[in-house]
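This report concerns only the one structure given below.
Each reported figure results from applying straightforward, stated rules to the coordinates on display, with no laboratory input. No experiment lies behind these values; they were computed from the predicted model shown. Backbone-built Cβ (ideal geometry, glycine too); neighbour counts: all protein chains shown.
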Amino acid sequence: MKNSKYIIQLLILTLLVLFIGCEDIHDDPYNPKILFQMVWDIYTINLDGTELENLTFSSYDAYHGSPQFTPDGSNIIFSRQQNGHSQIFIMDIDGENETNLSNSTSDEYDPHIAPNGQLITFISEVDSITNVFLMNFDGSNKIQLTNSEARNYYEPTFSSDGEKIYYSAYENTANYYSMNLTSGVVSKINGEYPVIKPQISPLSDKIVYSTYRPAQTQNIYVCDSNGNNEIQVTTVGNCEKPKFSPDGSHIIYNNASTEGWKVYYTDLNGDNHTFITEGVSGAFTPDGGGLIYESFDEDGIHLYFINLDNNEKRLITSEGEWEYHSIQVQPN
């Protein structure tokens, strides 16, 4: 009888330990995929550093770039250049069910998906002449939006409300334009100085970018979505690749100093510059509470996560010989 009672108690204790163990595993259920391009291929890895996956396996016979999660986080769009020909593809987040959306004899690349997930803007190139196009999510109904042989168009993107497309055009300098998709009205954003790596605010009301001015190295500027009310955010120089926080209230940027690359955080007026970490910024988590960034040390290049509330850091990738590009966090 005593033995039976002991066995029952032992079983209860075992089940309790298992239950507590399962709870511990799921204490922090937020573990999204991190998407990035490295060398020729596209990869994902979980935020906790598990399940590193090469999704494209090029074997160096193809180049994959411009990866982007769809708004619901279930698919990835990207471009592939193979045998001198570029096309736009979509695949599941595990790399399965790859589909060519372009199916075109022209080169098509630089895809960007609309916030509602229904449209894709991209660059189409024929005989070295580039133009901005629009197509449905499934690759149908392609529409040419620009028509110029004098400009080299690149990096089109949607405003966060989906009402405009912004794109860069090289005309002896890097200029920036917007096109209203309803009216077709095209507006030039910048003045005489180039716009480098612009980003549209999540609120669609501001643009942040870096640029060169006379007697200055590269600094960060913010302006209204129509190019007005420009504010210089940094003055120290050697600042680049700014990004808005998910709520549009702050900016992160990279600064190169004699001590190496550093990541800073500031408001839209350039007040209260706060040092975050050494390294190069990659992407915010969707809630704005964390940042994915690259760090360089004697062991290579690694991805890290930093909690912006308490500055706690966590290593994501343990090995890295190459730089990470187009870093994104899977949408919620």
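Here are the numbers:
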{"read-out": "Elements of type strands (runs of 3 or more DSSP E) in segment 261-315, at least 3 residues being within 20 Å of the chain's Cα centre (by Cα) and surrounded by 13 or more Cβ atoms within 10 Å (Cβ to Cβ)", "value": "274-278, 280-284, 290-297, 300-307"}
{"read-out": "Residue match in segment 251-263 (condition: within 24 Å of THR70 (Cα to Cα) and touching a strand residue (DSSP E or B) at 6+ places or on another chain (Cβ under 9 Å))", "value": "yes"}
{"read-out": "Leading residue by the ranking (surrounded by the most Cβ atoms within 10 Å (Cβ to Cβ)) among those in segment 93-127 that are of a type in the set (D, E, K, R) and closer than 22 Å to TYR60 by Cα", "value": "GLU108"}
{"read-out": "Condition check for SER210: crowded, with 17+ Cβ neighbours inside 10 Å, within 22 Å of ALA114 (Cβ to Cβ) and among the small types (Gly, Ala, Ser)", "value": "no"}
{"read-out": "Selection within segment 130-145 - among the polar types (S, T, N, Q) and in contact (Cβ under 8 Å) with a residue 24 or more places away in the chain", "value": "THR130"}
{"read-out": "Lone unmet requirement of (1) surrounded by fewer than 21 Cβ atoms within 10 Å (Cβ to Cβ); (2) closer than 21 Å to TYR154 by Cβ for ILE200", "value": "(1)"}
{"read-out": "Residue tally, condition surrounded by 15 or more Cβ atoms within 10 Å (Cβ to Cβ) and more than 11 Å from GLY290 (Cα to Cα), over segment 316-329", "value": "8"}
{"read-out": "Among the candidates ILE220, ILE301, ILE252, residue that is farther than 26 Å from TYR30 by Cα and in contact with a Phe, Trp or Tyr (Cβ under 7 Å, 6 or more places away or on another chain)", "value": "ILE220"}
{"read-out": "Positions within segment 239-260 being farther than 17 Å from ASP205 by Cα and surrounded by fewer than 17 Cβ atoms within 10 Å (Cβ to Cβ), in sequence order", "value": "ALA256, SER257, THR258, GLU259, GLY260"}
{"read-out": "Only one of GLY300, GLY320, GLY270, GLY290 that is over 27 Å from ILE93 (Cβ atoms) and of a type in the set (Gly, Ala, Ser)", "value": "GLY270"}
